[in-house]
Amino acid sequence: MYLSGGSCVMLIITAGSSMEQLFNIICEEGTMCGSMSLSGTQWFLIFTCIALIIAQLFPNLNSIARVSLTGAITSIGYCTIIWALSISKGRPNDVSYGIPVADRTGMTGFGNILNAIGIIMLAFRGHNLILEIQGTLPSDSKHPSRKSMWRGVMVSYMIIAMCLFPLAIVGFWAYGNKIPEEGILTAFTKFHGQDTSKYVIGLIYIWLTISCITSYQIYAMPAFDNLEFIYGSSKKRRCPGWVRAGIRLFFGGVTFFVAVAFPFLGKLAPLIGGMAAVPLTFVYPCFMWISIRKPRPKGAMWSLNLGVGSIGIVLSLLLIVAAVWKLDDKGLNANFFRP
């Protein structure tokens, strides 16, 4: 639930900012719509309304295959455009690739390494939805769902690697230490926005927004299903349509409120990775497997799962301590309720 909710909050923040940037590109100063600027909260609300309207059209994960395909196509599109244009436009002047000595030695360097691990862990949060997706696939003794799911996962991660590795490698080559905290897209618009067609930049933001809308459906669906299951179990009957709609509006309202209250959530990525992504990946599955399967104590599988789960706990604690220490050292612009 908190994986779904937290991911949807991040998507609202990202898409709201993208829609605002798209509006600023289309409605430049001096145009008729240039004086009709909206606040960050209003952009968040527009995105949430669009996402919830689409969510009412699909009852479960199995019904959003086309939505997922649309999101994949748009993600491939905007990633490819960003790294291809970064190569064609060349590097800005005075690009540096070195890390300052103060940032790579002592406790500062150790904390930076742990923070980077936390961000990487958060980036892989999506694989925790694999079991939810696999549960929608037909399965029998001759054709178990794990085989088709494994093929799907392999293809998916090949596509993800084709998108993100060029983006990371080209982004570092093109901008080095000039990449801001907001990411490579911000760096591209900062250094090449003037010599790039606004229609191309607008297309990137449109595809990014569509990708966020489709991702919202995928991450929110397990939460919808869980809330509907809780209602059905308590009432001993199927969830009617009006209740399903109300549950989704409630979930959307909660994620919108959190996004408005904590618009700086993206800056807490290392902390969130340590608190949420690491336990979901390494800790919970291992101890749940021991509890459910009850293997022979001190056997090979028992020891393996206990060891991985324990390492996950230690890693999670280290990441949390490092993230808190860095926030205390660097500070945080906590703009509560001011997106």
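Observations on the structure shown:
- Condition met for residue 179 (under 23 Å from the mean Cα position of the chain (by Cα), at pLDDT 90 or above and among the β-branched types (Val, Ile, Thr)): no
- Residue in the range 27-34 that is farther than 27 Å from residue 275 by Cα, modelled with pLDDT under 90 and surrounded by 15 or more Cβ atoms within 10 Å (Cβ to Cβ) present: yes
- Residue among 203, 137, 131 that is open to solvent by 50 Å² or more (accessible area, probe 1.4 Å), of a type in the set (A, V, I, L, M) and not in a helix (DSSP H, G or I): 137
- Pairs, first modelled with pLDDT under 95 in the range 79-103, second surrounded by 14 or more Cβ atoms within 10 Å (Cβ to Cβ) and not in a helix (DSSP H, G or I), C-beta under 7 Å, six or more apart: 85/196
- Residue match in the range 226-245 (condition: open to solvent by less than 20 Å² (accessible area, probe 1.4 Å), touching a residue at least 40 places away in the same chain (Cβ under 8 Å), more than 16 Å from the chain's Cα centre (by Cα) and over 30 Å from residue 314 (Cβ atoms)): no
- Selection of the range 248-267 for residues being surrounded by fewer than 20 Cβ atoms within 10 Å (Cβ to Cβ) and of a type in the set (A, V, I, L, M) yields 249, 254, 258, 261, 265.
- Single condition residue 57 does not satisfy, out of (1) without any contact (Cβ under 8 Å) to a residue 60 or more places away in the chain; (2) open to solvent by less than 50 Å² (accessible area, probe 1.4 Å): (2)
- Selection count where residues are closer than 22 Å to residue 10 by Cα and either assigned to a helix (DSSP H, G or I) or open to solvent by 50 Å² or more (accessible area, probe 1.4 Å) (or both), scope the range 179-200: 9
- Filter result for the condition that a residue is at pLDDT 90 or above and among the basic types (Lys, Arg), over 294, 236: 294
- Checking each residue of the range 161-175 against the condition of being in contact (Cβ under 8 Å) with a residue 24 or more places away in the chain and in contact with a Ser or Thr (Cβ under 6 Å, 6 or more places away or on another chain) gives at least one match.
- Some residue of the range 187-198 being without any contact (Cβ under 8 Å) to a residue 60 or more places away in the chain, among the aliphatic types (A, V, I, L, M) and over 21 Å from residue 219 (Cα atoms): yes
The values are calculated or read from the model by the stated rules, or taken from the named source; none is laboratory data. Just so it is clear, the model here is predicted, and its values are computed rather than measured. Methodologically, a virtual Cβ is constructed for each residue, glycine included, from the backbone with ideal geometry; neighbour enumeration extends over all protein chains shown. Note: areas computed on protein heavy atoms with side chains; ligands, DNA, RNA excluded. Shrake-Rupley method; radii C 1.70, N 1.55, O 1.52, S 1.80 Å.
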